[in-house]
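Undergrad: Next up is a structure, given as structure tokens.
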Amino acid sequence: MTGRCLQGDSTSAEAWRRLLEGRRADALITDPPYCLLVRRRKGGDERESKGRKIDSGPVRRFEDVREYREFTKQWLSLAVANLVLNAPLVIWTNLLGREPITTVAKSLGYAHQLGEFVWGKRTRQSNSGEEILRVVETALVFSTSAPMPPSPDAPAIPWSAVAGYDDDGEAQRWGNHPNHKPFGVLEPLVRTWSKPGQLVIDAFGGSGSIPAAAVKLGRDAACLELEPDWAKRIQERLP
């Protein structure tokens, strides 16, 4: 299987055209910028940044949820236009992003939210061996059609995973991107919502966690990444 990353803006139709070259994808699994709002002082002035976690630029922030909804409409409408009929959408988000993403998905024909995949992120381990989990990031799964009742012998659909930030060591190896997700969190999503040989697309490549997981599981993968340095790292990471 092959993987490809193109440096480009996911809100640009031309970027999608260059990435896919006429091929339609079988699933969208992506981790867009979360709905983080601009920090402002009481007088309205923007607060100074608290610093950057990575050298690819500051975290993107939005004035309000309305602006985030419009941003979601811009990129998601283009992604959907490059999917095969009835392809699933799997979109990572935070609390504020759920409503705008759901609203836009429904407007594009994805009226059915099949479920919400939860990442229980390990943050600390005490001397007693107990683990503390933090749930901030979830993945919403959408479909254009209502789910069929499962057959008695059908495998259960996984809706949660417990893992640390870098259980597989890939984050440290590829630059410690703040939005990295380990293979153990992405594997159930890729296995459940795509099949071997199919094409999985990611509109926001980040560190390349999603396309790398897709290729590892026998899928083709294609992604866009806005930052040139990260796009280069992703392409180096993919076969």
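The values are calculated or read from the model by the stated rules, or taken from the named source; none is laboratory data. Quick caveat, the model's predicted, so the values are computed rather than measured. All Cβ positions, even for glycine, are placed from backbone atoms using ideal geometry, and neighbour counts span all protein chains on display.
Undergrad: Give, as residue ranges, the strands (runs of 3 or more DSSP E) completely inside segment 80-169 that count at least 2 residues that are at pLDDT 95 or above and either touching a Cys at 6+ places or on another chain (Cβ under 6 Å) or crowded, with 19+ Cβ neighbours inside 10 Å (or both).
TA: Passing ranges, in order: 89-93, 112-125, 138-143.
Undergrad: Let me ask you something else. Working only within segment 141-196, note down all residues that are among the basic types (Lys, Arg) and within 17 Å of Thr123 (Cα to Cα). Working first, answer last.
TA: Taking segment 141-196 as the starting set, the residues that turn out to be among the basic types (Lys, Arg) are 173, 181, 191, 195.
Matches in segment 141-196: Lys181 only.
Undergrad: Checking Asp202 against (1) loosely packed, with under 14 Cβ neighbours inside 10 Å; (2) out of contact with any Phe, Trp or Tyr (no Cβ under 8 Å at 6 or more places or on another chain), only one condition comes out false. Which one?
TA: (1) is the only condition that Asp202 fails.
Undergrad: Which residue out of Gly218, Gly197 is closer than 23 Å to Leu85 by Cβ, surrounded by fewer than 23 Cβ atoms within 10 Å (Cβ to Cβ), touching a Pro at 6+ places or on another chain (Cβ under 7 Å) and of a type outside the set (Ser, Thr, Tyr)?
TA: Criteria check complete, one pass: Gly218.
Undergrad: Okay, moving on. Can you report the number of residues in segment 92-107 which are more than 15 Å from Asp64 (Cβ to Cβ), over 12 Å from the mean Cα position of the chain (by Cα) and among the polar types (S, T, N, Q)?
TA: Final tally of qualifying residues: 2.
Undergrad: With respect to the numbered conditions (1) at pLDDT 95 or above; (2) touching a strand residue (DSSP E or B) at 6+ places or on another chain (Cβ under 7 Å); (3) within 27 Å of Arg60 (Cβ to Cβ), which one is the sole condition not fulfilled by Ala213?
TA: Condition (2) is where Ala213 drops out.
Undergrad: Quick check, is Ser56 surrounded by fewer than 17 Cβ atoms within 10 Å (Cβ to Cβ), of a type in the set (Gly, Ala, Ser) and either more than 22 Å from Pro182 (Cα to Cα) or at pLDDT below 95 (or both)? Walk me through how you get there before you give the answer.
TA: Numbers: surrounded by fewer than 17 Cβ atoms within 10 Å (Cβ to Cβ): no; of a type in the set (Gly, Ala, Ser): yes; either more than 22 Å from Pro182 (Cα to Cα) or at pLDDT below 95 (or both): yes.
Criteria not met by Ser56.
Undergrad: Identify, by number, the condition in (1) in contact (Cβ under 8 Å) with a residue 40 or more places away in the chain; (2) assigned to a helix (DSSP H, G or I); (3) surrounded by fewer than 21 Cβ atoms within 10 Å (Cβ to Cβ); (4) in contact with an Asp or Glu (Cβ under 7 Å, 6 or more places away or on another chain) that Ile210 doesn't meet.
TA: Of everything listed in (1) in contact (Cβ under 8 Å) with a residue 40 or more places away in the chain; (2) assigned to a helix (DSSP H, G or I); (3) surrounded by fewer than 21 Cβ atoms within 10 Å (Cβ to Cβ); (4) in contact with an Asp or Glu (Cβ under 7 Å, 6 or more places away or on another chain), Ile210 misses just condition (3).
Undergrad: If I go through segment 171-184 residue by residue, how many of them are over 17 Å from Glu227 (Cβ atoms), free of Cβ contacts under 8 Å to residues at least 60 places away in the same chain and surrounded by 19 or more Cβ atoms within 10 Å (Cβ to Cβ)? Let's see the steps before the verdict.
TA: Filtering segment 171-184 for residues over 17 Å from Glu227 (Cβ atoms) gives 172-173, 181-184.
Those still in the list that are free of Cβ contacts under 8 Å to residues at least 60 places away in the same chain too: 172-173, 182-184.
This time we only want the ones that are surrounded by 19 or more Cβ atoms within 10 Å (Cβ to Cβ), so: 182.
So the count comes out to 1.
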